[in-house]
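To keep things clear, I will list the structure first and then write my remarks on it.
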Amino acid sequence: MSYTGSIPERRSVCVSQTKGVDSEMHFSRGLVGSALIAFGITLFVGFFYAAVVSKLLPPYENQLLAAIQNDWYYCLLVPLALPVIIVAVYLHWLSMKMFKHA
C-alpha cells in the first residue's frame, strides 16, 4: 500500500496498521509462555515422583511403576550433578571475566 502525504500522517497510518499485529504477537507469546511453563511443571512433577515419592510408597504390582520405584538413577542424579553445575558456573564466570578484560 502506498500512501502519499506528510510524514506524521504516514506514521499514524503505519502505527494504526501494526496495532493488530502487536496484539496478536502478544497473545501468541503469552500462549507459548504458558505452554512452556505448563510443560516445565509437568516434567518437574514427573521427575519428583520418580525420584522421591515412588520410593516412599508401598511396592507396586504394575511393572512400569515397579520399575520406576526400583530405579535409583534419578535419586542419585541430582546430588551428583551439583558439583558439576558449580564447576560449570565457575568456568562460565571465569570466561566472561577473561572476555571483558581481554
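The values are calculated or read from the model by the stated rules, or taken from the named source; none is laboratory data. Here the structure is a predicted model, which means the values were calculated and not measured. Positions of Cβ are backbone-derived with ideal geometry, glycine not excepted, and every protein chain shown enters the neighbour counts.
Remarks
- For region 58-75, residues that are assigned to a helix (DSSP H, G or I) and out of contact with any Leu (no Cβ under 8 Å at 6 or more places or on another chain) total 10.
- Condition met for residue 89 (modelled with pLDDT of 90 or more and either out of contact with any Asp or Glu (no Cβ under 7 Å at 6 or more places or on another chain) or assigned to a loop (DSSP other than H, G, I, E, B) (or both)): yes
- Qualifying residue in region 44-57 (condition: surrounded by 10 or more Cβ atoms within 10 Å (Cβ to Cβ) and not in a helix (DSSP H, G or I)): yes
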